[in-house]
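Contents: one structure, followed by commentary.
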Amino acid sequence: MKVSFVIPSHNHFELVNQLLVDLHEHCSPDEVIVVDDFSTDQVAIDGLAWWRSNYGTTVLRPIENLGFLKASNYGMRKATGDVICLISTDVRVYKDLSTFAKGMTQIEGKLLLGGRVYNDSTGWNDFDGRIFPYVEGWLLIAKKEHWEELGYFDERYSPNDFEDVDLSTTAIQKGFNLAQITPDAGAVVEHIGAQSIGYTDVRRELTEKNKESFRLKWLP
């Protein structure tokens, strides 16, 4: 049973470096793919080259900056594992995620697993009182065949935001269960948050735009 870790990354080598350290310290990963999303920082470029040379990390570098969503899809389509774990650079890992990922193969039915599931309103998933449950996108784990069934992220939400709500809604429609790795996910993983993309007025506008795209898709 092979688990692939896919990490979209752009500059911020301190983040991806720490994540790679965590994965190798706790997870003994079968395959690690970093999608270097056209980094311009030479420290990041050289640092990832070091990981490739010393640990066999696969480093994919598109010919242009794709943004989080498309870079994630690009890396996941290249992954060769039976289970794919998509993980953001602003995440710390404290226990073996491979164990949780491999355990999915023993579960009947279809599962989208993550670090945190929201079944109640977060504001973003609330449409006039209708709540759309979702798994937050900083950690998403599913079998390769199930990622393919889901169609990966819908690229209408590019470059980022609302792709996780949409993916979760698609999953529920297709008979998947949404679950988080443990009731206290913080013992296994920690999402630092807003380290790579950040929260700005520009991002807020993008999120509002993508929320409207979600509304048009799911609430015509």
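The values are calculated or read from the model by the stated rules, or taken from the named source; none is laboratory data. The shown structure was predicted, so the numbers you read here are calculated from the model rather than taken from an experiment. As a convention, Cβ positions derive from the backbone with ideal geometry for all residues, glycine included, and neighbour counts pool all protein chains shown. Note: accessible area is taken over every heavy atom of the protein model, side chains too, but ligands, DNA and RNA are not part of it. Shrake-Rupley method; radii C 1.70, N 1.55, O 1.52, S 1.80 Å.
Numbers below:
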read-out: Portion, in percent, of the accessible area of segment 62-129 that falls on carbon or sulfur, probe 1.4 Å; value: 45 percent
read-out: Exposed chymotrypsin sites (Phe, Trp or Tyr not before Pro) absent - longest run of the chain, DSSP non-H/G/I/E/B, at most 16 other C-beta within 10 Å; value: 95-198
read-out: Å³ per residue enclosed by the Cα convex hull of segment 50-115; value: 136 Å³
read-out: Relative contact order (%) - the chain, alpha-carbon pairs under 8 angstrom, separation at least six; value: 23 percent
read-out: Whole-Å distance, taken between Cα centres, linking segment 1-48 and segment 95-116; value: 21 Å
read-out: Potential lengthening between Ala49 and Lys174 on full extension [0.36 nm per residue; Cα-Cα distance subtracted]; value: 41.0 nm
read-out: Residues whose placed amide H lies under 5 Å from that of Asn177, excluding near-sequence neighbours; value: Lys110, Leu111, Leu112
read-out: Average accessible area per residue (Å²) across segment 1-159 - probe 1.4 Å, nucleic acids and ligands excluded; value: 43 Å²
read-out: Pairwise FRET efficiency - Lys2 versus Asn119, Cβ, R0 = 30 Å, nearest 0.05; value: 0.45
read-out: Cut-off under 5 Å, modelled amide H: who pairs with Val6 long-range; value: Ile33, Cys85, Leu86, Ile87
read-out: Residue-by-residue Karplus 3J(HN,Hα) for segment 6-21, coefficients 6.51, -1.76, 1.60, Hz, glycine and proline x; value: 10, 10, x, 8, 9, 6, 6, 4, 4, 6, 5, 5, 5, 5, 5, 4
read-out: Long-range amide H partners of Asp90 with built H, under 5 Å; value: none
read-out: Residue-wise HN-Hα coupling along segment 89-100, computed from phi with Karplus coefficients 6.51, -1.76, 1.60 (Hz; x: Gly, Pro); value: 5, 8, 10, 9, 10, 10, 9, 6, 5, 4, 4, 5
read-out: FRET efficiency, 1/(1 + (r/R0)^6) with R0 25 Å, evaluated for Phe127 and Asn65 via beta carbons; value: 0.20
read-out: Listed pairs Lys102/Lys211; Lys70/Lys143; Lys70/Lys110; Lys78/Lys174 exceeding 22 Å between Cα atoms; value: Lys102/Lys211; Lys70/Lys110; Lys78/Lys174
